[in-house]
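Each value in this text was obtained by applying a stated rule to the coordinates, not by laboratory testing. It should be emphasised that the depicted structure is a prediction, and the values quoted were computed from it without experimental measurement. Cβ sites come from the backbone with ideal geometry, for glycine too, and all protein chains shown count toward neighbours.
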Amino acid sequence: MQRITNEDYWKIKKTIIRKLYAKRAFAKGHMLFEHLQSGIPAHLLGAVKHVLDDLEKEGIVLHYGNTKHGNAYQLNIHKLKEIESLLL
């Protein structure tokens, strides 16, 4: 994986959370990995999976499953307050 700055890491993290939150991807909703990558600058695309793995370890993002279109993710509804504080 390429080395990214701490600032870029947080930008990617907030972008992923913001997209999932805006789509209301909680209990029943989900979003494909390809859609989470859109809007990220091309030189940072390699870091998206790393940041997503970190969010999964923190329990903020859950792996929804493998759909016929690819991997899908959703936010952990039990961490809603923490998620909303990250978006501020």
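For this structure, a couple of remarks:
- Neighbourhood charge, 13 Å Cβ-Cβ cut-off, centred on A22 and excluding it, Lys, Arg +1 and Asp, Glu -1: +4
- Lys, Arg +1 and Asp, Glu -1 on Cβ, resulting dipole of the chain about Cα centre, debye, nearest 20: 280 debye
- Candidates A42, A25, A72, ranked by Gaussian network fluctuation over the chain, Cα under 10 Å, top entry: A42
- Close amide H contacts of Y64 (hydrogens built in the peptide plane, cut-off under 5 Å, sequence separation of 5 or more or a different chain): A72, Y73, Q74.
- At full extension, S38 and K79 could sit 12.3 nm farther apart than now, given 0.36 nm per residue minus the alpha carbon distance.
- Each residue, E58 and E7, gets one label point 7 Å from its Cα in the Cβ direction; the gap between the two is 1.9 nm.
- For the range 24-74: relative contact order, % (alpha-carbon pairs under 8 angstrom, 6 or more apart): 48 percent
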